[in-house]
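The values are calculated or read from the model by the stated rules, or taken from the named source; none is laboratory data. Since the structure is predicted, the reported quantities are computational estimates derived from the model, not experimental observations. Using ideal geometry, Cβ is built from the backbone for each residue, glycine included, and neighbour counts are taken over all protein chains shown. The area values use the complete protein model at the heavy-atom level, side chains included, leaving out ligands, DNA and RNA. Shrake-Rupley method; radii C 1.70, N 1.55, O 1.52, S 1.80 Å.
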Amino acid sequence: MASQAVFAAKKNSLFKTGFDSVIVAFEPTGHYFKPLAWKLHNENIRTALVNPYHTKRAKELLDNSQTKSDIKDALIIARLAKEGSFSEMHWPDEAYASLRALSRAREALAKDACALECRITARLDEYFPEFEKVFPHPYKSKAAMQILCECPLPSQILSLGEAGIESEIRKAAKSGIGQKRAKELVSAAQASVGVKYAQADAALEIAQMAKRLASIFADIGEAEEKMSQALDKCEYSSLILEMKGINTVMLATLLGEAGDISGFESPRQLERLAGINLVENSSGQHKSKTRISKRGRPRLRKAIYQAVLSIKRWNPGFESLYWHYRQRADNPLEHKQAAVALMRKLLSILHAIASKKQPYSHEAAFPAA
């Protein structure tokens, strides 16, 4: 209650200046501003965001000095806000906020899983290099993960024998591969050229990492399930998922970073948000090549790029358009340039689907094809 009273007093003092309204501007260089901005938003006080890049560029205009201080930064932010060089702060709806949190959590889990896979592979290369000959994709195999968790080294496998290994495999894989894999694994263990020192410690380390990896895989699956549930609350998500090449994770990441794409007036706004709008640096007779601005959200840009690479494999329209850009006689594009063109095309299609609430149509998307 005391903190509420203090905030109310400060709120009242904001309007003692005689102004009809007040804008509180933030430089979003981290996450610390969000609790205060959320409180101001709930109190119907207007909040705005000043681009940190603008603040950096305007810093020397104030006193022709590279000096940096909190007081100077606050003054620059206030001046930029007064001049209108800010963007309105928009809080995402619950569904899109959930998608953003879930997609970022999944991304972090995937990075942890990749790091653990590399560490386990390094240990297997040292102690049991023949393991991946029996299980070419060990981290996608339930049987392989069971062996890594319980008996990852040749000495342990030989101690259990074919019957013991088959029993371990059947704990994870119910199919009829147990006997075959057990025989192959025992044979590989007998002929293994792996090192023999500190085997107990190495076995413990591999088993612990494999168990953590299995736990992370379970967490990723849970996050993806919640992504699917959050997407069900977006009325046009099912229409977008009808496009071949776009899966739940891609769409969840894209909508989590962009928000409700039906609320944008045009696809050009989405391009600027993703930082794939084209810019050039020309002066006099010099004319530079166009490039993307990269001023938008990098996660959104990455999600669109990955979606395009996937869609290009399944959608003949995107595939033919890609090769048209690559092989045209006038100004043929390199791979990344053509990919950017496809990214812009994809945003146009997604915006049309979300705005019109109509499913994807190849004839409408590629009328000349």
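Annotation: amide H of V22 within the under-5 Å range of R46, sequence separation 5 or more or interchain, hydrogens built in the peptide plane. The listed residues V22, V134, once ranked by accessible area (1.4 Å probe) with the largest placed first, stand as V22, V134.
So with the 1.4 Å probe, I'd like the accessible area per residue for the stretch 268-369, rounded to whole Å². Could you put the intermediate results ahead of the total?
Working: 6380 Å² over 102 residues.
It amounts to 63 Å² per residue over the stretch 268-369.
3J(HN,Hα) along the stretch 317-328, derived from phi through the Karplus expression 6.51 cos²θ - 1.76 cosθ + 1.60 where θ = phi - 60°, amounts to x, 5, 5, 5, 5, 4, 6, 4, 5, 6, 10, 5 Hz, with x in place of Gly and Pro.
Surface calculation, 1.4 Å probe, protein heavy atoms: I177 sits at approximately 60 Å² accessible. Applying a threshold of 18 Å to the alpha-carbon distances of K312/K357; K289/K336; K302/K336 flags K312/K357 as lying beyond it. Please give the helix 94-127 orientation as an angle from the longest Cα principal axis of the chain, in degrees from 0 to 90, rounded to the nearest 10. Taking Cα atoms only, the helix is inclined about 40 degrees. Hey, any idea what % of the chain's accessible area is carbon plus sulfur with a 1.4 Å probe? Answer for the chain is 52 percent, counting heavy atoms of protein chains only. With a 10 Å cut-off between alpha carbons and a GNM built on the chain, which of P138, P129, P28 moves the most? Comparing P138, P129, P28 in the GNM, the peak value goes to P28.
The accessible area of I45, taken with all protein chains in place and a 1.4 Å probe, comes to roughly 10 Å². Is the stretch 199-257 rounded, prolate or oblate when judged by the Cα gyration tensor, a ≥ b ≥ c being the square roots of its eigenvalues, rounded requiring a/c under 1.5 and prolate requiring a/b larger than b/c? The shape class here is prolate. Between the residues G263, W323, Y53, the greatest Cα displacement towards the positive end of the dipole of the chain, with unit charges on the Cβ of Lys, Arg, Asp and Glu, is found for Y53.
Counting heavy atoms of the protein chains alone, Y360 has an accessible area of about 60 Å² for a 1.4 Å probe.
Please state the shape class of the stretch 38-127: rounded when a/c is under 1.5, otherwise prolate if a/b exceeds b/c and oblate if not, all from the C-alpha gyration tensor.
Oblate shape, in that a/c is at least 1.5 and b/c is the bigger or equal ratio.
Put a plus charge on the Cβ of each Lys and Arg, a minus charge on the Cβ of each Asp and Glu, and nothing anywhere else: the dipole of the chain about its Cα centre is then about 880 debye. Heavy-atom accessible area with a 1.4 Å probe sorts R295, R123, largest first, into R295, R123.
Which net charge results for the neighbourhood of R46, defined as the other residues with beta-carbon distances under 12 angstrom from its beta-carbon, given Lys and Arg at +1 and Asp and Glu at -1? Computed value for this residue: -3. Calculated [222 nm] ellipticity per residue, helices only, for the chain: -21000 deg cm²/dmol; basis is -39500 (n - 2.57) per DSSP H run with n ≥ 4, divided by all residues, nearest 500. Connecting C-alpha atoms closer than 10 Å in a GNM of the chain, tell me which of N331, N315, N277 has the biggest fluctuation. Fluctuation is largest for N331. When the Cα centres of the stretch 62-101 and the stretch 302-339 are compared, how far apart do they sit, in Å? Value for the Cα centre distance between the two parts: 36 Å.
In the stretch 35-121, how many lysine pairs have Cα atoms under 21 Å apart, counting only pairs 8 or more places apart or on different chains?
So the count works out to 8.
Pick from R79, R212, R326: which residue has the top mean-square fluctuation in a GNM of the chain where Cα pairs under 10 Å get a spring? Result for the chain, Cα springs under 10 Å: R79 fluctuates most. Measuring gaps between exposed loop sites in the chain (GluC sites (Glu not before Pro); DSSP loop; at most 15 other Cβ atoms within 10 Å), the longest gap, sites not included, is 84-234. Rounded to the nearest Hz, the phi-derived 3J(HN,Hα) couplings of the stretch 41-52 under the Karplus curve 6.51 cos²θ - 1.76 cosθ + 1.60 (θ = phi - 60°) are 4, 5, 8, 6, 9, 5, 10, 9, 10, 9, 4, x, where x marks glycine and proline.
Where a ≥ b ≥ c are the square roots of the eigenvalues of the C-alpha gyration tensor, would you call the stretch 201-331 rounded, which needs a/c under 1.5, or, failing that, prolate if a/b is larger than b/c, or oblate? In terms of gyration-tensor shape, prolate.
When mean projected area of the Cα convex hull in nm² is calculated directly from the model, which label among (1) 29.9; (2) 17.9; (3) 20.9 fits? Working out mean projected area of the Cα convex hull in nm² from the coordinates points to (1).
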